[in-house]
Amino acid sequence: MFKSIRSKLVIWYLSVFSTVFAVLGFSLYYELKGIVIGSVDSHLHSEVQFLASLIGEEKGDIELEISGKGAVGDYALPLSGHYYQVSRGGRIFARSPSLSIVDAYLPATGESFEPSYTSIVGPEKSPLRLLTQSFRLPAGVVTIQASESLEDPYRLIDSFRNIIFLTLPSIFLLSLIGIWVITKLSLRRLNILSRKVGQITEKNLEERIEGVKMDRELRPLVEGFNTMLSRLNDAFTIQRRFLSNASHELRTPTSVIKSYCDVTLNKERTQAQYRDVLRRISEAANRMSDTINKILEVSRLESNTFSFKPSNIDLKAIMKDVVRFLKPSASAMAVKIGYSGIDVSIVGDRERLLEAFINIVDNGIKYNRRGGRVDIEVGKRDGWAVATVTDTGIGIPDSEKERIFDRFYRLDSSRNRVEGCGLGLSIARSVIEAHRGRMEVESKVGKGTRFFVFLPLT
Ligand code: ADP
C-alpha cells in the first residue's frame, strides 16, 4: 500500500509523533495540574491548622479568636473565593467576612478527621478548592472548612494546555512539510538519475553520469553506476576487438583458399597440379579450423558455461603426453625435446591442462631455431607444483612479456615467420588461472625463453 519512500516516511513520522505528542502532552498537563492543585491544597492545609489554633472557649461558648490575617485581605473581601467556616455539631459559629457580608455559606459537611479536599462551585459561581477537617478540641469536635479560588490556577493550566496543543501540532506540521519537501527534492534527483541511466545503451557506454547533484547518501550509487559503466564499456570494447581480430584471422586462410580455387579453375590442370592445390587448400583449412577451435575455446572459457572435470592427475604423465603429441612437429623443426622431473600429483582437468601445456611447448618448438632444444622440467617449489618449459628460441623482448598473454597478440618478429593466431597463451593462462595457478615468463632475445607454470599441489 505504501510503496513510496515519502509516504512511508510520513506515515512513520505521523504515528511516532502522535504517540509521543499524546503521551507527552497529557502527562505534562496532568503533572502540572497535580502540582498546581497540590500547592493550593497545602496552602489550605496550613490555613486550616492556623484556624484550629485560634479556636477557644469562653464561658461555655466556643469562639474563634480571629484577628489580623483572618479579618483582612482576601478573607475580608465579599465573595473573594477565600472563605473559612467553622461549625460544631452542625451549628456554624464563625465565617469569614467574605461570606458573612453577603450572608453566604460554604456547603455544610459532616465530621471528617482526615483532611478532605474537594473541588466545588462556590457561592460566587466560580470553582473553589475546599478543605474540610474536624478537630477534637477541648471545646468539643469542631469542623473547619477553608477554601481558595481555583480561577487563577485553572487559568495557568489552561494557558499551558493551549501552548501544548498549539505549539506541538505546529512543530509537527512544520517538520512534516520539511520531510515532504526534502524527500521530494531528493527523489527528483533520483528521477533525473534514472532518466540518465535509461538513456545509456551499448552505443554510448563511454558516457558517465555527471552533473546530477546528489545527496551524500546517493553519491555511492552514482559512483557505482559509473564504475559499472566503465567495466561494461571495457568488456564491450574487448568483445568488439575480439570479433574484429577473429574475423581478421579467418580472412587470411579464406582468401588463400579462394585464390587457389580461382587460379586453378582458370584453365585445365594436370592431376599433379590439382593434388598440389588441394594439399595447400587442406593446409589452409586446417589452419582455419585450428583458429576456429581456439576461438571457441576462448569463448567457452570466458562464458562460465564451461565446467572443469577435476581428477587426481600426475603432472609428469601429462608432460609425457605433450611430448608424444608434439614429437612430429619437433622433428620437422629438428628441435629436440628433453624431459626431466619427479612425480607431482595435482587435482585438475586433464584435457584442459594437456591443451594448455601443448600450447606452451608448441611455442617453444615454433619460435625456436633449427636444431634447437625445448626442455621440460616438473618439480615442486614452496608448496606449488612447478612445470618449466625452456627453449633456445628467438626470445621475447621485456616490453612484450605481459602482452603475449593477450588475445590475438603476436610479436612482429613471429608474425611472418610462424603460423599462429595469438590465442594459445591466452587460453593457457585462462586454464592455469582456473586451476588457481599462475604463469611467469623469463626471456632473453636471441637466447631463448622459459615459461614457469605454478599449480597448487594436491
Ligand atoms: P601464437 O603462437 O598462435 O601466435 P600464442 O598466444 O601462443 O599465439 O603466442 C603469442 C605470441 O607470443 C606469439 O605470436 C609469439 O610472438 C610470442 N611467443 C610465445 N611463445 C614464445 C616463445 N616460446 N618464444 C618466443 N616468442 C613466443
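Nothing in this text is a laboratory measurement; each read-out follows from the coordinates by a stated rule. Given the structure is predicted, the values throughout are model-derived calculations rather than measurements. Counting neighbours? That spans all protein chains shown, and the Cβs are built from the backbone with ideal geometry, glycine included.
Normalised by 2.2 N^0.38 Å, where N is the number of residues, the C-alpha radius of gyration of region 125-284 stands at 3.11. Modelled label positions at V418 and E202, each set 7 Å beyond Cα in the direction of Cβ, lie 3.6 nm from each other. In whole percents, the pair-distance distribution calculated for region 144-207 from its alpha-carbon pairs, binned every 5 Å from zero, is 4, 13, 9, 10, 8, 8, 7, 6, 6, 5, 5, 4, 4, 3, 2, 2, 1, 1, 1, 0. Taken as Cα centroids, region 238-313 and region 170-212 sit 53 Å apart, rounded to the nearest whole angstrom.
In region 409-449, the inverse of the mean reciprocal separation of distinct Cα atoms equals 12.0 Å; this is its Kirkwood hydrodynamic radius.
In this simple spin-label model, placing a label point 7 Å from the Cα along the Cα-to-Cβ direction at both E283 and L28 gives a separation of 9.9 nm. Within region 1-155, the proportion of C-alpha pairs whose separation exceeds 22 Å stands at 51%. Among the chymotrypsin sites (Phe, Trp or Tyr not before Pro) within region 255-321, not one is in coil by DSSP while having at most 11 neighbouring Cβ atoms inside 10 Å. Between the listed residues P328, L9, L455, the Cα displaced farthest toward the positive end of the dipole of the chain, a dipole computed from Cβ unit charges relative to the Cα centre, is found at P328. Gyration tensor analysis over the Cα atoms of region 316-387 returns equivalent ellipsoid semi-axes of 23, 13, 10 Å (largest first, whole Å). The stretch between D103 and R370, if pulled fully straight at 0.36 nm per residue, gains 81.9 nm over its current Cα-Cα span.
Evaluating kT/(6 pi eta Rh) at 4 °C and 1.567 mPa s, with the Kirkwood radius of region 221-296 over Cα pairs in the Stokes-Einstein relation, gives 84 µm² s⁻¹. Size of region 363-430 from its Cα atoms: along the principal axes, largest to smallest, the extents are 40, 30, 20 Å. Annotation: average projected area of region 303-458 is 8.8 square nanometres, based on the convex hull of Cα atoms across all directions. Using all pairs of distinct alpha-carbon atoms, the Kirkwood hydrodynamic radius of the chain works out to 33.2 angstrom.
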